[in-house]
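Take a look at the structure below.
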Amino acid sequence: MSFAPSPFTPMGIRSIQEQRDRWERKRSRTARELVLSEQRYCEQLDLVVTYFVEILKAKGTLRQDIRESIFSSIKSIHLINQTLLTHLELGRFGIGFEEFCTHLQLYNTYVDNIQTAKKVLMVQVKKSKAFRRFKKLQESRPELNQQKLEDLLTLPLQRIQQYKHFLRDLTENTSPDNPEFQQLSKAVKAVSEVTQRIQDNARSHENHLQLRRVQKQLKGRKTRILTPGRWYIREGWLKTVPSKGTEAKPKMFYLFSDILLQAKPCSPIHPFNGDKFACQRIYPLKECTVDKVFGHTKSQGGLISLTFARAKLLLMSDDQGDINDWYRSLCLAIGQLKSKNTVVHRRDELRRKPIRSEPDSQNTPELQQTRGIKRTMMLDEEVREHGEGHSSSSIPSTGESGYSATKRLKPNQAPAARPQESSGSSCVIL
């Protein structure tokens, strides 16, 4: 019996049936590719667990904490993916991914540990001769097909991003009336969160490398670039236009999410810092405004004005495109910083009175004088009790009262407060 639409079927019904057939063909093709790729993925995970994790554990070449730092949760990931593969081979895609998503925390743990794993693996290869020999021997096995351990460790990250595309194709080609539609839709959302986590971690790692690079470019260690929450944006040469009519001087500027750092090159004949920069000033972007200045460069390059709380800075470039990029980057950084620092108060918080506030009527001069007399009487009583418990020779006579009390300093005689310690930076922070 044929299910093809007959020639007498109305045109509208025939087009709907054709669309459903196309969806089914795409779904079948995607399902087939998913199953085949899942089989290869499980085989590769099995190689890592068998030839690296288990043998290292049996031989004791590496300590347990080092093994866990390198391989993290890959053994548990292997188990849950074997279960997923069983469901996929039976065509139970919705149930399989619904159960798989309940264990995605294992992938989150692995994703967060991947940079540590790479670093520890690199250290052990350099440090341990026995592990270096073991790693080379295992990678030469024909089963691994000349794959390095470093490449095998990134397989779960690559696979979770492939799931996102497979699940999206399956969902788009599944009818909403199909019971698997809701299960696949939820799986797409859950897997997308993990892929976003991978991208965020990669961006954070790249930003950390950029901050470390800039820190090494600066002379000394007083200027702290590696600060939590700081993001690297860009760097480059710009000319600073002085307030007086002297010549504009080129300076190196580093733009971050919260500061603009100005530096100058060190002397090239310096034995250690010849290729580094010396920090001159750090401009906070919190209260900065940026404007373009027109008509001062004769259509060659551009000029931007930066106004800070305690300083003003004019920056010039002979490249029009470069100065426009700097202007956009500065505006974006300042806008994001201001939106982050904006605090929205509720109406009841704005109406709330300070806890220690007192009406002006309670601070009258008469009341203040009465409080002063009471404090003096209490002090006199304490001193008399102190005097009765000691010999009279131990209390020198000072004046008419016959006792010595702690001398009260007048406001202008108070010791000056110690100056605030420097922030540890040789730069001028404005």
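Please treat every number below as a calculation from the coordinates, not as lab data. All values reported here derive from a predicted model rather than from experimental measurement. Cβ atoms come from the backbone with ideal geometry, glycine included; neighbour counts cover every protein chain shown.
Past the 19 angstrom mark, what percentage of all C-alpha to C-alpha distances in the stretch 232-348 do you count?
Values: 3455 of 6786 pairs.
Within the stretch 232-348, distances greater than 19 Å cover 51 percent of Cα pairs.
Under unit Cβ charges (Lys, Arg +1; Asp, Glu -1), what dipole magnitude, rounded to 20 debye, does the stretch 61-201 have relative to its Cα centre?
1240
May I ask for the distance between the Cα centers of the stretch 30-58 and the stretch 122-164, given as a whole number of Å?
Here the two parts' Cα centres lie 13 Å apart.
Hey, any idea what Rg/Rh is for the stretch 67-194, computing Rh the Kirkwood way over Cα pairs?
Computed over Cα atoms, the ratio is 1.07.
Could you work out how far the C-alpha centroid of the stretch 72-87 sits from that of the stretch 242-318, in angstrom?
The stretch 72-87 and the stretch 242-318 have Cα centres spaced 54 Å from each other.
For LEU285, what residues show an amide H to amide H distance below 5 Å, using hydrogens built from the backbone and excluding near sequence neighbours?
Close amide H contacts, sequence-distant or interchain: ILE259, LEU260.
Among the lysines, which have Cα under 17 Å from the Cα of LYS216 when same-chain residues fewer than 8 positions away are ignored?
Correct list for LYS216: LYS264, LYS276.
May I ask which of LYS286/LYS312; LYS26/LYS148; LYS119/LYS340; LYS118/LYS286 have a Cα-Cα span longer than 26 Å here?
Pairs exceeding the cut-off: LYS26/LYS148; LYS119/LYS340; LYS118/LYS286.
In sequence order, what are the phi-derived ³J(HN,Hα) couplings for the stretch 33-48 according to the Karplus relation 6.51 cos²θ - 1.76 cosθ + 1.60 with θ = phi - 60°, rounded to whole Hz, with x for glycine and proline?
Values per residue, Gly and Pro as x: 5, 5, 5, 5, 5, 5, 5, 5, 5, 5, 5, 5, 4, 5, 5, 5 Hz.
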